[in-house]
Each structure stands twice: as structure tokens, then as C-alpha cells.
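Trainee: Have a look at this one before I ask anything.
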Amino acid sequence: MKPRPGSHISAAAGRWKVLQDTVEQQTNKEVLRQVVIRNRQGLHARPVMQFVDLANRFPCEVQVRKGKLQVDGKSPMEMMLLEATQGTVLQLVAVGDDADQAATALAKLVESGFGEEM
Amino acid sequence: MKLSDFIAEDSILVDLTATDRNGVLREIVQSLADHGHLNQDDVEPIVRSLIHRENQGSTGFGKGVAVPHVKHERCKGMVGTIARSSRGVDFAALDRAPVYTIVLLLSPQDEPDKHLEAMENLFRHLQKDTFRKFLRQSTTVEEIVDLIREADETPAR
């Protein structure tokens, strides 16, 4: 059978992709968690500071998304831009070796309503 | 929402006398009362709750800026103002650096979403290096007023 033109290239590229992904997984593990703001006051300054404080204990990168908006989860000024009121859905993205632990801890903090009235 | 919707221009202080955090909070709230934005009787209770709030967790967000704020039953509408300290004030900020620009915001208790909206607007400007730099370097009320108006005219996002 005649090989499809270029198939050997895509096969090689495929192998390279697998290799690359393996490397990425080891060095740049990405964990995504969806959370909902539970507390009545929303993500105001005090919860933001709690979040940033906790995020900064992990060496991994932490990003927080609301729709198209993405901010640095370690920057209080950027976090305030989320304007996340009660019921707002956010995506937490952690990238790094400890991404799992960071995402889990941060998700738990948000879902607990930051110890505030729900 | 615009900055000028909640920043009382007549209460802006470009050269704070107080050098400690609590003194600064009192001086700013007093300025708001002196310009008719609060009752004189409400100054002390509001200052006390601002201090209490600050002790729970600093509003020193870093980069020389603090945004002390509180939701208080005595506030009928959202009101705030801006103050400058040339010497710098210790706000126990997140980055441990002294604070030179203070934006104080008082909100009624029953409007958490409006409060967040005002804060989002404020931080959208505060995270810009140039806005922070100009605020810190302004030596007259007029300069700060111009800066606020200019910021309000820049497209929302």
C-alpha cells in the first residue's frame, strides 16, 4: 500500500508530541478546578487577601478565570478585578509541580465561603 | 460605575498630617465629615470599625497603596476619598512596604455587589503603574481631581 504523503512526518510529529506532553506533565502540570463563590459578600478584599496569601504558599503558578477575564491569583490588585459576587463561577488554574495541592487547597477555601456568612 | 461616583473631591487630602495608620484613618474620615459627607457623630464609630477591619487583615494591597474600607450602618450611600502621605505610613501591607496613597471607601451594609463594583473599578486603575505613580506624585487636589476625571474617561476595559 502506498503511504499517504507526509504521513511519516505526522507520525514523527505525533511521537514528538507525546514526548513533549510527558515532559510538560512532569515540569508543568496543569490542574483546573471550577469553584463557586458561596459567601454573601462575594470576593471582597478580605477573602481576596486570604486567597492570595494561600496561593503564595505554593511555588506553582495560579491563575483565576471568570469568563474571558484571567488574573494572577497571587496578585491582590488583579484578584479584585474579578468582581466576583455571590454565585459567580470561577476557574482556578494551577501550573507547576504542586498544582494539585494548590488547586485543592484554594478550591476548598473558596467553597468554604472564606468562613463568612453564606 | 465611575471613580467620581464615590470619590468626594472636596475631601481629598494631599498632605496627611498623621503618620500612623489609625491617625491617618481618623484624619480622612474627619475630612469626609467636615465636608458634609458624614455626620460628625459618626466619625468615631466609623473610624473604630475601620481600625477593627484593618486589624482583621490589612488593606495594604502592596505597591504603596492601601484601600481601607468598611460597610457601615451609618453610611447611607457609598462615599470615599483619596489621601496622600509624603512620608509613608505603615499599614502592615502585604509587601511590607510603606503606603503613600490611601483610598478610603465607606459603603452601606446592604449593597455588597455595588461595593465590589466600586472596588473593581478602583483596582482597574490602581493596577496601572502610571496611575499609581501620578497619584503618588500629585501635590495639589486639582492634580488628583484631573487624574480621576481622566481615568473616568478611559474606556472601561
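Trainee: Taking the inverse of the average 1/r across all pairs of different Cα atoms in segment A:42-104, what Kirkwood radius in Å do you get?
Mentor: 11.6
Trainee: Averaged over its residues, how many other protein chain Cβ atoms are within 10 Å of peptide A:50-56's Cβ atoms?
Mentor: Mean number of neighbouring Cβ atoms from other chains: 1.
Trainee: Further question on the same structure: Given H placed 1.01 Å from N in the peptide plane, which residues other than close sequence neighbours of B:LEU13 have an amide H under 5 Å from its amide H?
Mentor: B:ILE82, B:ALA83, B:ARG84
Trainee: How much accessible surface does B:LYS114 have with a 1.4 Å probe, in Å² rounded to 10?
Mentor: Result for B:LYS114: roughly 90 Å² accessible.
Trainee: Rank these residues by their accessible area, most exposed first, probe 1.4 Å: B:SER86, B:SER4.
Mentor: Sorted descending by solvent-accessible area, the residues read B:SER86, B:SER4.
Trainee: Would you tell me the accessible area of B:ASP146, worked out with a 1.4 angstrom probe on the heavy atoms of the protein chains, in Å² to the nearest 10?
Mentor: Surface accessible to solvent at B:ASP146 totals approximately 90 Å².
Trainee: Can you pull a Stokes-Einstein diffusion coefficient for the protein assembly as shown at 20 °C (1.002 mPa s), Rh from Kirkwood over Cα pairs, as a whole number of µm²/s?
Mentor: Rounded, D is 105 µm²/s.
Trainee: With the dipole of the protein assembly as shown worked out from charges on the C-beta (+1 for Lys and Arg, -1 for Asp and Glu) around the Cα centre, which of B:LEU104, A:PHE114, A:VAL64 lies farthest toward the positive end?
Mentor: A:VAL64
Trainee: Skipping prolines and chain starts, which residues have an amide H placed within reach, meaning under 5 Å, of the one on B:HIS69, given they are 5 or more residues away or on another chain?
Mentor: HN-HN under 5 Å from B:HIS69: B:LEU105.
Trainee: Hand me the tally of lysine pairs in the protein assembly as shown: alpha carbons under 16 angstrom apart, and the pair either on different chains or 8 or more positions apart.
Mentor: Lysine pairs, 8 or more places apart or on different chains, close enough: 8.
Trainee: In terms of the Cα gyration tensor, with a ≥ b ≥ c the square roots of its eigenvalues, is segment B:3-152 rounded because a/c is under 1.5, prolate because a/b exceeds b/c, or oblate?
Mentor: The shape class here is rounded.
Trainee: Taking a probe of 1.4 Å and counting only protein heavy atoms, give the total accessible area buried between chains A and B in Å², rounded to the nearest 100.
Mentor: Interface between A and B: roughly 1800 Å².
Trainee: Taking a probe of 1.4 Å, how large is the accessible area per residue of segment B:75-134, in Å²?
Mentor: 40
Trainee: Over all residues in A:77-89, what is the mean tally of Cβ atoms on other chains that come within 10 Å of each residue's Cβ?
Mentor: 5
Trainee: Continuing with the same structure: Towards the positive end of the charge dipole of segment B:1-131, with charges on Cβ (+1 Lys, Arg; -1 Asp, Glu), say which of B:PHE123, B:ALA92, B:GLY23 has the farthest Cα.
Mentor: B:ALA92
Trainee: Still on this model: Taking amide H positions as placed 1.01 Å from N in the peptide plane, with prolines and chain starts having none, which residues 5 or more places from B:PHE91, or on another chain, fall under 5 Å of its amide H?
Mentor: The list, which skips near neighbours in sequence, is B:VAL99.
Trainee: Working with all protein chains in place, sort B:LEU105, A:LEU109 by solvent-accessible area computed with a 1.4 Å probe, largest first.
Mentor: A:LEU109, B:LEU105
Trainee: Another question, then. Taking θ = phi - 60°, what integer Hz values does the Karplus form 6.51 cos²θ - 1.76 cosθ + 1.60 yield along segment B:75-88, in sequence order, with x for Gly and Pro?
Mentor: Whole-Hz 3J(HN,Hα) from phi for segment B:75-88: 8, 8, x, 6, 8, x, 7, 10, 9, 10, 10, 7, 7, x.
Trainee: For chain B, what does -39500 (n - 2.57) per DSSP helix run (n ≥ 4), summed and divided by total residues, give at 222 nm, in deg cm²/dmol to the nearest 500?
Mentor: -13000 deg cm²/dmol
The values are calculated or read from the model by the stated rules, or taken from the named source; none is laboratory data. The shown structure was predicted, so the numbers you read here are calculated from the model rather than taken from an experiment. As a convention, Cβ positions derive from the backbone with ideal geometry for all residues, glycine included, and neighbour counts pool all protein chains shown. To get the accessible areas, we keep the full protein, side chains included, count just its heavy atoms, and leave off ligands, DNA and RNA. Shrake-Rupley method; radii C 1.70, N 1.55, O 1.52, S 1.80 Å.
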